[in-house]
Ligand SMILES: Nc1ncnc2c1ncn2[C@@H]1O[C@H](COP(=O)(O)OP(=O)(O)OP(=O)(O)O)[C@@H](O)[C@H]1O
């Protein structure tokens, strides 16, 4: 049974409804009387009471329709209704006019001319026009007004006779039929949209529809549970994505950090006119913590390469040509020479700062981590750079697996490997896979230590001073030229990293606008003292295999003992023949 509520704009309709509802086996009909605002009040209550359809007439039906979501069936004024009312006034002597909405007036005018009735018809577009027309008609000598409830009430208020156009059996039966049709149509649409809505809520991803005002129009339960709205809408890469979708209509994906989660957001446009951006959120397997074996870095800094050395100048040129290809790059350099900075610059030039970098710490990764990398659906759709950090420290047993993994990486990604050492020796000793090396080192960039490109010191120092001035509000804005020259006399074993730290210390302690030569001298003599102490300390290398380390220790002791094998064997606690065997492996 279709639960139906009739909101009758005038009491007379109730009786007629009661009479004909008995014939309706599909409709369970309740009837209430209420015109305009009162009718709307009843309709709003009915929404909570679970009615399927509302039937009403004229202005009341239109008003209800604007405010509630239940389908509203209009009782039309039919030709029969018009003939009935026109016949009613046929014998009247008084001047009569009909005031009503165009749907009534047009039919009425035609009928009046067929029936040869002299009835003026005035068409109105809103209820507020009624009173003015009635006063005009009254001044012209009209005393009878035909119309709907609003018109008739207004006429009676100013002393005119109002005659209501009532609805007859035909209009009412037609409304009942329409109620059944509309209910059937709404049920199938509702069923379909309920299914879609349920699908939206059941999907294992947070989903949101964002409108042109950048507000969330709709979202699923998962979105409400998992995504914090404020950081989301404040994220610059998300607002850039929304702008591209809503203004240019493009579909796109980005990976970004929202709160403490790395998330890939796929976005596309839906709708024709009031269109919305749909955002689908996919959480990455990987976090953003650089201590993890594999982590994702977003909002990549795009640091310009500074310096006048030949290395910087030629690298700048080759980076430009790298942007057009995805070819794997191997960057080799001592600690602190700027390998990671250069990696970021190549990535940003190739894909832009908004694309993520997936960084694998090769000294920590396991087979499982590499499998996760391939399975991560977040990375399938995204353009990213896979950075293989400390590639020289990858375990030999994992090298074949890494080779298989990188061959299956999506074509939209590229690989940059970072090594602190040239790996020629390791390859020769079969400690590093030849195949893997040539797969990774299609292009090799060797970053010289800072001591071999002192020409870059001027530009680096200036860039660090500027950075410290703007970031920490330091007063120091420059360095005296003799102080700068002094910096160039030192070899910087910690490379750019150490230089950066030195400038930080100098500006921190500096009292003036310029860093003075005396301040540099004081700092460099401290550095020199530390270096001398380090030289005295035996260095135990932690790279390579146990066997490699053993060889280096034996060599060091031999050096210190002036190549005297007996003394070296004695210090190492082994006999001479064991030492000889170890040296000739
Ligand atoms: N072109 C450059 N302009 C300004 N600063 C730079 C540049 N290159 C490197 N740096 C700075 O030098 C420091 C070391 O750089 P980076 O971390 O890239 O070196 P790295 O070789 O990767 O170091 P590590 O081997 O210790 O990981 C960083 O603080 C970085 O900001």
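Brief remarks on what is shown
- Segment residue 462-residue 526, length gained on full extension (0.36 nm per residue, minus Cα span): 20.8 nm
- Residues 492, 580 arranged by fewest to most Cβ contacts within 10 Å: 580, 492
- With contacts taken as Cα pairs under 8 Å at a separation of at least 6 residues, segment 194-286 carries a relative contact order of 27 percent.
- Degrees between helix 58-67 axis and first principal axis of the chain (Cα, 0 to 90, nearest 10): 20
- For the pair residue 474 and residue 555, a Förster radius of 41 Å applied to the C-beta separation gives a FRET efficiency near 0.35, rounded to the nearest 0.05.
- FRET efficiency, residue 318 to residue 409 (Cβ-Cβ, R0 30 Å, nearest 0.05): 0.85
- Value of [θ]222 nm, deg cm²/dmol, for the chain, DSSP H segments ≥ 4, -39500 (n - 2.57) each, nearest 500: -15000 deg cm²/dmol
- Relative contact order (%) - criterion: Cα under 8 Å, at least six apart; region: the chain: 8
- Three-way shape label, the chain, alpha-carbon gyration tensor, a/c 1.5: prolate
- Annotation: extensible slack from residue 547 through residue 375 equals 58.3 nm (criterion: 0.36 nm per residue apart, minus Cα-Cα distance).
- Calculated FRET value between residue 153 and residue 22, using beta carbons and R₀ = 25 Å, to 0.05: 0.20
- Shape class for segment 54-179, computed from the alpha carbon gyration tensor (a ≥ b ≥ c): oblate, with a/c not under 1.5 and a/b at or below b/c.
- Considering only alpha-carbon pairs that sit under 8 angstrom and 6 or more positions apart, the relative contact order computed for segment 384-450 is 42 percent.
- Label-point gap, in nm, between residue 1 and residue 260 - each point 7 angstrom along Cα→Cβ: 5.8
- Note on residue 67 and residue 197: the model spin-label points, each 7 Å out from Cα along the C-beta direction, lie 2.2 nm apart.
- For the peptides 346-356, 81-91, 16-26, the ranking by packing is 346-356, 81-91, 16-26, with the highest mean count of neighbouring Cβ atoms within 10 Å listed first.
- Length gained on full extension, residue 274 to residue 443: 55.9 nm, using 0.36 nm per residue less the C-alpha separation.
- Each of 35, 458 was scored by other Cβ atoms within 10 Å of its Cβ. Arranged with the fewest first, they read 458, 35.
Read-outs: derived from the displayed coordinates by stated rules, not from any lab. All of these numbers come straight from a predicted model, not from anything done at the bench. As a convention, Cβ positions derive from the backbone with ideal geometry for all residues, glycine included, and neighbour counts pool all protein chains shown.
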